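**Student:** Mind having a look at this structure? Questions to follow.
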Amino acid sequence: MKHILNALLFAFLFTLAPGLAVFAKEQLEPENFDYEWYLEQHPDVAAVLGDNRDAIWSFYVTIGEPAGWYGRVSEDWLVSKNFDARMYASENPDVAQAYGSTNYSALLEHYLTQGKVEGRHAPTSFPVTQIYEAVDGIVHAGMSDREKVYAIHDWVCNHTTYDYAGYYAGSIPGTSYSVSGFFETGRSVCDGYTKTMQALLDAAGIQNEYVSGYVKNGASGGAAGHAWNKVYVDGSWLYVDATWDDWDKYNYVGHDCCLVSEERMNEIHNGNVRAWVQQDGTIRYY
């Protein structure tokens, strides 16, 4: 392995030249790449390239990523996307006095440049640290983007159950709609599934979007609000509905709604298919 790494590093250094074209997935960019984490994973790269971010980024997109040494977005980037500036001002009156309690961009900048070093808490719409801890256990070197999505999808389904109690009682708690609630209670509705998928995909550097709309409700036959994910994999947009793949009743996780075309997802959501339990315990839409 050491010889292989040295060969890759040599090849990379040999190809470094002005005008080198660099291509990368849209989600991961030089501005949000987690350089410190990447060097911790690959100390030999750090020994050769040091902390030269331009060289590290070029190595990642030309050598590392194709070799399966995946990257991820930095925690600061995910915090920035979900930062609760109002709460930060409330928790830090000295900062609010200096920067203004409603100057959200200044409050975020303070946290990133000073507050983090000072050990101040970063209030966000979900537990960022837990998201990264989860991703570290889900995604591994050598995985393709498609494999990462499947792994995240299965992890989400295996770590929560649908909040049927709240649904049938007509009083779903707010926790079932959130990423925080996903970790706190282990119960979610579609919004909780989808937002958790989105946070994990973001952290793993997979370009994705949150999707919401109306689907045919199997119980009543009417239309019901629903949420699912849209993911960019292998050069195209595909769809993921972890909620409808989580068959709690049978303790089974399906894949009929994981990385499917828009047409197929519409077919399933519009009630044009039926669920069939096979003898081996698998569940398929047909």
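**Student:** Measure nothing but the geometry: give the 0 to 90° angle between the long axis through the Cα atoms of 128-138 and the longest principal axis through the Cα atoms of the chain, rounded to 10°.
**Tutor:** Roughly 90 degrees between the two axes.
**Student:** Rounded to the nearest 0.05, what FRET efficiency is calculated for THR129 and ASP234 with R0 set to 35 Å and r the Cβ-Cβ distance? Could the numbers behind the result be given before it?
**Tutor:** On the way: r = 31 Å, r/R0 = 0.87.
According to the calculation, E is roughly 0.70.
**Student:** What accessible area per residue comes out for the chain, rounded to a whole number of Å², with a 1.4 Å probe? Could the numbers behind the result be given before it?
**Tutor:** Working: 14740 Å² over 286 residues.
For the chain, the per-residue accessible area is 52 Å².
**Student:** For region 108-160, which GluC sites (Glu not before Pro) are in a loop by DSSP, counting at most 13 other Cβ atoms within 10 Å?
**Tutor:** Working: sites: GLU109, GLU118, GLU133, GLU147; in loops: GLU118.
Here the GluC sites (Glu not before Pro) that fit, given the DSSP loop and packing criteria, are GLU118.
**Student:** From the phi of every residue in region 105-121, what ³J(HN,Hα) in whole Hz does the Karplus formula 6.51 cos²θ - 1.76 cosθ + 1.60 yield, where θ is phi - 60° and glycine or proline is x?
**Tutor:** Karplus values, whole Hz, x for Gly and Pro: 5, 5, 5, 5, 4, 5, 4, 5, 9, 10, x, 4, 5, 7, x, 6, 6.
**Student:** Would you work out what percent of the accessible area of the chain, with all protein chains in place, is carbon or sulfur (probe 1.4 Å)? Could the numbers behind the result be given before it?
**Tutor:** On the way: 7460 of 14740 Å².
In the chain, the share of accessible area belonging to carbon and sulfur is 51 percent.
**Student:** For region 168-286, what is the convex hull (Cα atoms) projected area averaged across all directions, in square nanometres? Don't skip to the end; give the middle numbers.
**Tutor:** On the way: hull surface 32.7 nm².
So the mean shadow area of the Cα hull is 8.2 nm².
**Student:** Still on this model: For a Förster distance of 35 Å, can you work out the FRET efficiency between the beta-carbons of THR282 and ALA98, rounded to the nearest 0.05? Before the final figure, lay out the partial values.
**Tutor:** Working: r = 59 Å, r/R0 = 1.69.
For THR282 and ALA98, the calculated efficiency is 0.05.
**Student:** If you average the sequence gap of Cα pairs under 8 Å that are 6 or more apart and divide by the length of the chain, what percent do you get for the contact order? Mind dumping the intermediate values first?
**Tutor:** Values: 390 pairs, mean separation 36.6, N = 286.
The value is 13 percent.
**Student:** Find the centroid of the Cα atoms in region 240-259 and in region 48-115, then give the distance between the two in whole Å.
**Tutor:** 34
**Student:** If you line up the long axis of helix 145-158 against the longest principal axis of the chain, both from Cα atoms, how many degrees apart are they, to the nearest 10?
**Tutor:** 50
**Student:** Specify whether the C-alpha gyration tensor of the chain places it in the rounded, prolate or oblate class, a ≥ b ≥ c being the square roots of the eigenvalues: rounded for a/c under 1.5, otherwise prolate if a/b is larger than b/c and oblate if not.
**Tutor:** Numbers: a/c = 2.38, a/b = 1.30, b/c = 1.83.
Oblate, because a/c is 1.5 or more while a/b does not exceed b/c.
**Student:** Percent relative contact order of region 183-286, based on C-alpha pairs within less than 8 angstrom and at least six residues apart?
**Tutor:** On the way: 153 pairs, mean separation 20.1, N = 104.
RCO, region 183-286: 19 percent.
The values are calculated or read from the model by the stated rules, or taken from the named source; none is laboratory data. These numbers come from a predicted model, not from an experiment. For neighbour counting, all protein chains shown are included, and Cβ atoms are generated from backbone atoms with ideal geometry for every residue, glycine included. The protein model used for the area step is the full one, side chains on, heavy atoms only, and it has no ligands, DNA or RNA in it. Shrake-Rupley method; radii C 1.70, N 1.55, O 1.52, S 1.80 Å.
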